[in-house]
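As structure tokens, the structure follows; a few thoughts come after it.
The values are calculated or read from the model by the stated rules, or taken from the named source; none is laboratory data. Owing to the predicted nature of the structure, the values given are computational and were not obtained by experimental measurement. Every residue, glycine as well, gets a Cβ built from its backbone with ideal geometry; the counts of neighbours run over all protein chains shown.
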Amino acid sequence: MAERFMSERNLKFVLYEVLDLESLTKLPYYQDHSREIFDLTLDTAIRMGRDLLAPAFQEMDKQQPQLVNGEVKVHSLVRTFMKESGEGGWIGAGFPYDAGGQQLPTTVAMAAGFVFGAANFAAGAYPLLTTGASHLILSFGSDELREIYVPQMLSGKWQGTMALTEPQAGSSLSDITTRAEPTDEGYYKIFGQKIFISAGDHSGVDNVIHLMLAKIKGAPLGVKGISLFVVPKKRLDPDGTLVSNDVTTVGVYHKMGYKGCPITQLSMGENGDCRGYLVGEPHKGLSYMFQMMNEARLGVGMQATSIAAAAYYASLEYAGERPQGRKIATKDPSLPQVPIIEHADVRRMLLFQRAITEGSLSLLLQCSLYADLAAHSEGEEKERYDLLLDLLTPVAKSYPSEMGILSVSQGLQILGGYGYCDEFPLEQYYRDIRIHPIHEGTTGIQALDLLGRKVVMKNGAAARLYFEEVYQAITPALQDPTLKPYAEKLQEALGTLQAVTTHLVGFALKGEVELFLADATLYLELFGIIAVAWQWLLQGLAAQEGLQAGPTEQEALFYQGKLMTMRYFYHYEFPKIQGLATRLTDGVAVTTEMNRELFAD
Amino acid sequence: MKSLVCLKQVPDTETQIKVNPEGTGIVTEGIKHIINPYDEFSVEEALRLKEKFKEGEVVILAIGPDRATESIRTALAMGADRGIHVNDPAVNTADPFAVAQALAAAAKDVQYDVIFCGHRAIDDDFCEVGAMLAEFLGLPQVTLVTKVEVAADKKSAILERDIEGGKETVEVPLPCVVTSQKGLNEPRYASLPGIMKAKKKPIDAKNAAALGVSVEAKLQSKEYSMPPERKAGKKIEGLEPPDAAKQVVQALRNEAKII
């Protein structure tokens, strides 16, 4: 692993200078917090990342989890880190005081998650899943469920999971068949199979609590018949001892990356003795689960960003040290070789990585800020932030995941043959990041969510609010000669986005749903580039402000580097929207007219 | 069990140090500061003693400019009870003698069974403050300590310390000054509840006048300079090994003049 896996300066730039995180402390819910507390929190996260997580990054990849006698053995760091996460208060950091939390803003918790993910993504996943699962119990579970499960999960002694996928039901959750049979005892008997369950069983905790979707016998067909259950690996006997709950770990998948965290196959009720405890009301499980899924989607975007960031710093370090060739203009072989960062094409790759990584980080923290504002405001204001968050969640999940892969790939390219070998961490980052466009809703699912649901909901109310937000960056940027060209480009792009949206929604209005959604993924891509361009303009504004305040030499370099990366984004990545817009509006049906027979040979 | 922990804020070990243009010190703007790692062992050990005896207090005493508060706050977030921050330009950058004088003056108002110091600070590497502080306070001191066992009556302690090639175990009456060495413990991370509580814990700010000391530095630093940059090496290529070896010997004798 390279010496540096993230930039504290950049993280604080986004939090304080771009997003004005400190303004959150004016909300009564966050009144005990301050910049000092946020800084101490991030400082601790960085130390934990550097001293605890990073040293085991490669080892956890090489020593994969093993299924031994029905239990999954994982690296010893998992228990240590779950304990630290529990005792340190990280798992329930954002929860209210009365629920054992610290009322830490989601934005700060996400920033800490970024640090952990950059240090060791697989290790960082365990507490993150536990946070989501315990939040679900806290939000919708009965008092009894909260009392039994939440404290143990927040302490890091019990793992939380989300158990949705089944062999025949992945993206199509309406087809799940895990069933729950009511009993007179207040619990349900669960029967079925779940696959791809992250951290579904492991030796780093004393118990695993699955937040599981199942159908109660006789429930309506489709998603309206799905209920949510707490299904523990071990249940509490009346005398307080933990006994088996008939959840069997049938297998551990062998994955290409993300190897430090097991993905398991589970079988429930093989002996007819698996108990599930209903969360909330019957048949409302999926709507509850969406709380965890939406949080997890931002979490996945952040994990992708963190891996891409770590890869960027590894390739940056290498590019500064590896001598190879001479400047193109001076081909004199008697001169010493130059470090490869002196070559424009290598700098292009580094700028690509940086533009993707820092743009993604900014977008995700922006969404986290909306989440904080939505959770602690009321009325119209709350609705505003809820809608913005709803609209941007699929974008903030997908852009970092998809582009993060390309970003790490360019980082690997910088290392050439060494990038392809395991002496350097790039090949692991490349394998690790590949999961992100797949789990928590594939990119295709996110695209359907964005175009088919979010953009059109409430007659386009969310999209209108989003345009307003983007204009809040464009308007001041138009007044700044350095930023004006980019503000104009962004303004024009909003027009393009509007035209594309109107064109596509036109199909929906004509009832041509296939055509409306066939290229939703391209629409998501277009939307994502514009959203990240918006974040880069915001960063440009903050950098200009920083430069005008008379910074030190080192700080001035930081701000100038920011502006240069913004320029890169607008001149290299941004033009791609023209090609996407052309395709999205040319009206020629290709994928809808292509058929299986034409794939014959 | 009451401990007084002397803590110094130092540049992060990962920081690139630059000497300022006047050569009077290093550039401190824009660099990250941390608790001196040996002092962090001290904080941890003091917390463990308080936890073991289930009573007492851990007081953090630091000298330094405003930013030193951050390091005191970090120690409070780890679990220490309160802080004393001596912030006085006359002391902040003074020599170990003056620093020890100020620490001794500040320690007079604190009750303690043990005073912990790091055995050295990783910035100036003097390794002197602990010894001088013990002298000023008339206390016994044990240096380079890697294990602390305090007797139940808190009247004495058995300490293990590093010596060349091994360990020495000593018994010392309390109160005493202990200087902490690597290996003493694994310092804990601050917890989020700890961070929230730290904000409300008191930090008592003092200057030299309030302490009633006029420090008298014995040392004056004349100049700071960076070590000379390493020059490129010389490659001997294209020769058979015996001839290459001869060239190397000649170069070491005639050019490097080391043999």
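Can you name the residue in the range B:199-231 that is assigned to a loop (DSSP other than H, G, I, E, B) and within 14 Å of chain A (Cβ to nearest Cβ) and is also farthest from the chain's Cα centre (by Cα) among such residues?
As a first pass, look at the range B:199-231 and keep what is assigned to a loop (DSSP other than H, G, I, E, B): B:199-202, B:207, B:212-231.
Still in the list and also within 14 Å of chain A (Cβ to nearest Cβ): B:199-201, B:231.
On the way: B:Lys199: 24, B:Lys200: 26, B:Lys201: 23, B:Lys231: 33 Å.
If we take residues in the range B:199-231 being assigned to a loop (DSSP other than H, G, I, E, B) and within 14 Å of chain A (Cβ to nearest Cβ), then B:Lys231 is farthest from the chain's Cα centre (by Cα).
Quick check on A:Leu67: is it within 14 Å of another protein chain (Cβ to nearest Cβ) and either in contact with a Pro (Cβ under 7 Å, 6 or more places away or on another chain) or aliphatic (A, V, I, L, M) (or both)? Even if it seems obvious, please write down each step before you answer.
On the way: within 14 Å of another protein chain (Cβ to nearest Cβ): no; either in contact with a Pro (Cβ under 7 Å, 6 or more places away or on another chain) or aliphatic (A, V, I, L, M) (or both): yes.
In short, no.
Pull up the range A:50-64, narrow it to residues that are surrounded by 23 or more Cβ atoms within 10 Å (Cβ to Cβ) and away from chain B (no Cβ under 14 Å), then point me to the one that is farthest from A:Tyr430 (Cα to Cα).
A:Met60
Here are some residues: B:Val59, B:Val43, B:Val27. Which one is out of contact with any helix residue (DSSP H, G or I) (no Cβ under 8 Å at 6 or more places or on another chain), closer than 24 Å to A:Glu8 by Cβ and among the hydrophobic types (A, V, I, L, M, F, W, C)?
Values: B:Val59 fails: closer than 24 Å to A:Glu8 by Cβ; B:Val43 fails: out of contact with any helix residue (DSSP H, G or I) (no Cβ under 8 Å at 6 or more places or on another chain).
When all the criteria are applied, what remains is B:Val27.
Considering only the range A:279-317, how many residues are over 17 Å from A:Leu228 (Cα atoms), aromatic (Phe, Trp, Tyr) and either without any contact (Cβ under 8 Å) to a residue 40 or more places away in the chain or in contact with a helix residue (DSSP H, G or I) (Cβ under 6 Å, 6 or more places away or on another chain) (or both)?
The total comes to 1.
Looking at (1) touching a Ser or Thr at 6+ places or on another chain (Cβ under 8 Å); (2) part of a helix (DSSP H, G or I), which is the one condition that is false for A:Ser171?
Only one criterion in (1) touching a Ser or Thr at 6+ places or on another chain (Cβ under 8 Å); (2) part of a helix (DSSP H, G or I) is unmet by A:Ser171, namely (2).
Quick one: which residue in A:Phe516, A:Phe569 is away from chain B (no Cβ under 14 Å), closer than 24 Å to A:Glu358 by Cβ, at pLDDT 95 or above and in a helix (DSSP H, G or I)?
Of A:Phe516, A:Phe569, the one residue that is away from chain B (no Cβ under 14 Å), closer than 24 Å to A:Glu358 by Cβ, at pLDDT 95 or above and in a helix (DSSP H, G or I) is A:Phe569.
Can you name the number of the only condition in (1) surrounded by 10 or more Cβ atoms within 10 Å (Cβ to Cβ); (2) assigned by TED's automatic domain parsing to the domain that holds B:Ala107 that B:Lys200 fails?
Evaluating B:Lys200 over (1) surrounded by 10 or more Cβ atoms within 10 Å (Cβ to Cβ); (2) assigned by TED's automatic domain parsing to the domain that holds B:Ala107 leaves (1) as the failure.
Within the range A:23-49, track down each residue that is of a type in the set (S, T, N, Q) and either more than 7 Å from chain B (Cβ to nearest Cβ) or closer than 17 Å to B:Lys201 by Cα (or both).
The first filter runs over the range A:23-49 and keeps only residues of a type in the set (S, T, N, Q), leaving A:23, A:25, A:31, A:34, A:41, A:44.
Passing the criteria: A:Ser23, A:Thr25, A:Gln31, A:Ser34, A:Thr41.
Look at B:Lys234 and say whether it is of a type in the set (D, E, K, R) and more than 14 Å from chain A (Cβ to nearest Cβ). Full working, then the answer.
Working: of a type in the set (D, E, K, R): yes; more than 14 Å from chain A (Cβ to nearest Cβ): no.
No, not satisfied.
For the range B:7-14, indicate whether the set of residues that are in a helix (DSSP H, G or I) and of a type outside the set (D, E, K, R) is non-empty.
No, that holds for no residue.
Mind listing whichever residues of the range B:205-236 are touching a helix residue (DSSP H, G or I) at 6+ places or on another chain (Cβ under 8 Å) and more than 30 Å from B:Met132 (Cβ to Cβ)?
Scanning the range B:205-236 gives B:Lys234, B:Ile236.
So which of B:Ser191, B:Ser221 is under 30 Å from A:Met82 (Cα atoms) and of a type outside the set (Asp, Glu)? Give the derivation first.
Values: B:Ser221 fails: under 30 Å from A:Met82 (Cα atoms).
Every option except B:Ser191 fails the conditions.
Inspect all residues belonging to the range A:525-536 and state whether any of them is of a type in the set (Asp, Glu), surrounded by fewer than 20 Cβ atoms within 10 Å (Cβ to Cβ) and away from every other protein chain (no Cβ under 14 Å).
Taking the range A:525-536 first, the residues of a type in the set (Asp, Glu) are A:525.
Subsequent filtering for residues that are surrounded by fewer than 20 Cβ atoms within 10 Å (Cβ to Cβ) retains none.
No, the conditions are met nowhere in the range A:525-536.
Condition check: surrounded by 14 or more Cβ atoms within 10 Å (Cβ to Cβ) and under 29 Å from A:Pro575 (Cβ atoms). Does A:Leu547 satisfy that?
Working: surrounded by 14 or more Cβ atoms within 10 Å (Cβ to Cβ): yes; under 29 Å from A:Pro575 (Cβ atoms): yes.
The answer is yes for A:Leu547.
Which residues, counting only those in the range A:88-132, are more than 22 Å from A:Ser198 (Cβ to Cβ), more than 10 Å from chain B (Cβ to nearest Cβ) and not in a helix (DSSP H, G or I)?
A:Pro96, A:Pro105, listed by residue number.
Identify the single condition in (1) more than 13 Å from chain A (Cβ to nearest Cβ); (2) touching a Pro at 6+ places or on another chain (Cβ under 8 Å) that B:Thr93 does not satisfy, given that it satisfies every other one.
(2)
Here are some residues: B:Leu239, B:Leu184, B:Leu252. Which one is among the hydrophobic types (A, V, I, L, M, F, W, C), assigned to a loop (DSSP other than H, G, I, E, B) and surrounded by fewer than 16 Cβ atoms within 10 Å (Cβ to Cβ)?
Working: B:Leu184 fails: surrounded by fewer than 16 Cβ atoms within 10 Å (Cβ to Cβ); B:Leu252 fails: assigned to a loop (DSSP other than H, G, I, E, B).
Checking each option against the conditions leaves just B:Leu239.
What single numbered condition from (1) in a strand (DSSP E or B); (2) within 14 Å of chain A (Cβ to nearest Cβ) fails to hold for B:Glu168?
So the condition that B:Glu168 fails would be (2).
Among the residues of the range A:459-467, is any over 25 Å from A:His503 (Cβ atoms), among the polar types (S, T, N, Q) and surrounded by fewer than 24 Cβ atoms within 10 Å (Cβ to Cβ)?
Going through the range A:459-467, the residues over 25 Å from A:His503 (Cβ atoms) turn out to be none.
No - not one qualifying residue is present in the range A:459-467.
Please tell me if A:Tyr429 is in contact (Cβ under 8 Å) with a residue 40 or more places away in the chain and not acidic (Asp, Glu).
Values: in contact (Cβ under 8 Å) with a residue 40 or more places away in the chain: yes; not acidic (Asp, Glu): yes.
Against the criterion (in contact (Cβ under 8 Å) with a residue 40 or more places away in the chain and not acidic (Asp, Glu)), A:Tyr429 qualifies.
Could you tell me whether any residue of the range A:212-224 is touching a residue at least 24 places away in the same chain (Cβ under 8 Å), over 32 Å from the mean Cα position of the chain (by Cα) and buried (at least 17 other Cβ atoms within 10 Å of the Cβ)?
The answer is yes; a qualifying residue exists.
Out of the residues in the range B:44-67 that are part of a helix (DSSP H, G or I) and more than 14 Å from chain A (Cβ to nearest Cβ), which is nearest to B:Asn185 (Cα to Cα)? Walk me through it before giving the result.
If we filter the range B:44-67 for residues that are part of a helix (DSSP H, G or I), which is where we start, we get B:44-53.
Checking which are more than 14 Å from chain A (Cβ to nearest Cβ) leaves us with B:45-46, B:48-50, B:52-53.
Values: B:Glu45: 7, B:Ala46: 11, B:Arg48: 10, B:Leu49: 12, B:Lys50: 15, B:Lys52: 14, B:Phe53: 17 Å.
Checking each candidate, the answer is B:Glu45.
Determine, yes or no, whether A:Phe13 is part of a helix (DSSP H, G or I), within 14 Å of chain B (Cβ to nearest Cβ) and under 22 Å from the mean Cα position of the chain (by Cα).
yes
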